[in-house]
Structures are given as structure tokens and as C-alpha cells.
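For reference, the structure discussed in these notes is given below.
No value in this document is a laboratory result; all are computed from the given coordinates. This structure is a prediction, so every number in the text was calculated from the model and none was measured. Because the Cβ atoms are built from the backbone with ideal geometry, glycine has one as well, and the counts that use them run over all protein chains shown.
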DNA sequence: ACCTGAACACCGTTCAAGT
DNA sequence: ACCTGAACACCGTTCAAGT
């Protein structure tokens, strides 16, 4: 054992593959969903994986590249949408499916806000979505605009609901929010105060996302009917 | 002017204020709009203000508190919306006004995504928005749901358009995005490829936000008419 | 190819202190 | 009250290696 060398105090190394691209990404997603993307550091992720921090740089050039890989992985969890049938059902299936992924993986929303899309990740979903709108009878420019409008609605709902869900999990934050709202002057903000119960029930409540989605689909139906 | 007194109580011209709450916040917003919230550090902000880094802790207990102050300040830039008139005009004025603030202050969107609202910041806007919807004839639960649905749309549009604007300012990123989209197989994604010009024209293009807003307002009008 | 500790240039924040 | 430099415990990443 003992050697006359100065013995750099090197630790034993795993020369075999100790981790993989996939296992890093899915572990990172799990940790980010639990504690937020910013709480996951290279060092903490490496420790969770049981490797040295620098090992991760064999698989990713930078932390941003890891963020992108996690975001793409989460987006890929969306099941392939149906390619035929009533256009309304197809649009609804695509958007509720994406909404479910956003809610089940709260860090995805923060990753989407932080890093711009490269353009390839959601190609299958985009294809199915645009196809449904073209099949519905919208001309190309209108189909593109409708597609974007629905994506706006989806992203905003995911962003808002993620925060509400995070708050409801934190008793202190929830208490503080409620106290702030209750402290609002009924003289200055009568409608807000009067509707406080409805707002509390509505925000991040089952049915809220679908309510707005139905609204937009109703407008599209009307437009197709020549309204 | 040296005195031999320990001079515990002496506070001659008691340390003049080098900065103020307001000047810190507006400088921070300007820097964040220019380079993104994460690029602004306590040290860089203090240097811009010409004070020591620790000076800022006289005004803010933490960086998160500074983030919140900047976010509240940016939200307050929205002019007070009209309190009477046609409900459609009022809703449109409120949402387009907020949309303008989100576009003019791109860091606001990232601050909203990062930090939950405390509940008091947008009380005036919320009051005006809910009031318009109640005046339109929606009952309280429906007014609350419509309010949230429109906010979803607003937030999503701000989030998406901020990214597109940031990309279009970065030639390298724009080139890369375009290359990725152009590399999409026309066999696998025929509709995406066919609509690529429309998508490029539509995203973050003048009129896109209003297109979706009109869609939602049309649906509300229809609903009020008993459709 | 895969893995690693040490080291570098940062960061937010605490501390003790100076006016 | 207001302001400050030094110091602490981090962080992502570069480097120079080790297998």
C-alpha cells in the first residue's frame, strides 16, 4: 500500500461509464421539479448521481446545455397526439396534454422562460396542431396566428398555475398572500374584494384552463361559421 | 476640527444619502432590461450607482427583495385604465397597456416568472379589469374565470414575444433557429414546413397579440349574447 | 474515452466597524 | 441612519492530470 511517492491523495476513479446522458437528464428533471431549476447545482447533481462534479462536463459542455437537454426531455414526455378526427378534439387533446406536462413538471415552465427554444423540440406537436387547424379550414396565415394564440394561452396558464401550486405548497407564502389580499381596502378595490372568494377558487383550479380553452375554441368555431 | 471627545452622539451632517430606494430600483430595471435580470449582480449594480456593494443592503434585505421591488416598479408603469365606457374598449385598453409594458421592459417577464406576486401590486389593474367584466354582465364566478383566462393569454404572449425579440436581436441565435427550422424534414413535418413563412411573420409580429385578444373578446361577446 | 481534485474568478451575504 | 472592506460559503468552469 504505502508508496514513497508524494501521493497526490487521488481518490479511486470509475473508469467505466458511471452515468449516462439519459440518467443525468432525468435525475436533473426530478431534482428541478422538486426544488426549482436554480436550486440544482452541478455539484449537487453530481453528488446525487454519485460522481465527481467534473464528470458531468463529459456529457454537457455547460450548464445551459444541461438546461436545454432537460427542457427537451420534459417536452418529449407529451404523448403523440391523434392525427385524425374532429379538429376541436385534436386541438383540445394537444393543448390539455401539454398543459398536463407543464403542471406535472413545474420546472419545465421555468426552463422555457429561461432558455429560448432551438426550434426542433416541439416539431411533432406543432405539426399535429397546425395540421388540425388547416383541416378545420383555416388558411395558412390564419392557422399560424391561431396556433400562436393558443400557445400564448397555454404558456401563460402554465406559468401562472405553477406559481399558485408552489405557493399552496408553502403555508407561509399562502398565509402572506391571503393576508395581503384581505388587507386590500374595500373602498379602493371593491370588485377585487367582492370577488376574492371566486378568485381564490378559480386560480389554478381544475376547470380554469379548460374554461379559457373552450372560450378560444368557441371563437374559432364561430369564425369558421362565418361569424 | 479634530476633537478629543469619543463623540458617540455626534452625527454632523449624518452621512448624506448617496442613493435612494427609487434610484436603485430604476437603475436596476434599466440594467436588467439591457442584459437580463441574472446578469445584474449586487456588485455590478452598486458599481453603476457609484457606491459600495454593501450599501444596497441598507435599502434591501436581500436580492430577492430587490427583484420584487423592480417587478413592482415596472408593473406600476402601466397608466391607470379608464373606469367607464364600453366594456370591450376597457378590457382591450387594460390588456394592450399591460402588453406594452411587458414588451418595453423585457426583464419584467422574467421577474414575473421567477418571483410569485405578493397580491397587492396589480390591485388597481385587477380592480379595473374585474369591474369592466362585471359591468359587461358576467356574474362573479364567470368574471373571475374570464379575468384569469385573459391574464393567462397576456402572460404567455409576453413570455413568448420577449424570447423572439431577444433572439431577433442576436444574429447568431436567429441564424441557428432558422437553420433548425429549415432542416426539418418536409416529409415528417409537412405542415410546419409549408407554414414556416407564416410562422416567421406571425411570431412577435405587430397584430399577433391583438389577433388572439380579439378572438377571446369575440367569444365573450358571443357568450353574453347567449350563444 | 471517461473521470477527477485543485484552483480560478466569480456570487450573495455576514460581520465588524467607521461616519 | 447610512455606508464600507474583508471574509465566508458558495457557484460554474478551466486546468492538468489520472485510468
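The figures follow:
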quantity: Efficiency of FRET between residue B:17 and residue A:165 - r from beta-carbon atoms, R0 41 angstrom, step 0.05; calculated: 0.50
quantity: Simple label model, 7 Å out from Cα along Cβ direction - residue A:43 to residue B:186, nm; calculated: 5.3
quantity: Stretch gain in nm, segment residue B:77-residue B:178, where the contour uses 0.36 nm per residue and the Cα spacing is subtracted; calculated: 32.9 nm
quantity: Within 10 Å of each Cβ in A:134-146, the average number of Cβ atoms from other chains; calculated: 4
quantity: Per-residue mean of C-beta atoms belonging to partner chains within 10 Å, peptide A:182-188; calculated: 2
quantity: On Cα atoms only, tilt of A:63-75 relative to the major axis of chain A in degrees; calculated: 50
quantity: Relative contact order [Cα under 8 Å, 6+ residues apart], region B:53-160, whole percent; calculated: 32
quantity: Shielding of B:170-180 by partner chains, average beta-carbon count, 10 Å; calculated: 2
quantity: Alpha carbon centroid spacing (whole Å) that separates region A:111-174 from region B:131-189; calculated: 7
quantity: Helix A:87-104 axis, angle to chain A major axis (alpha carbon atoms, nearest 10°); calculated: 40
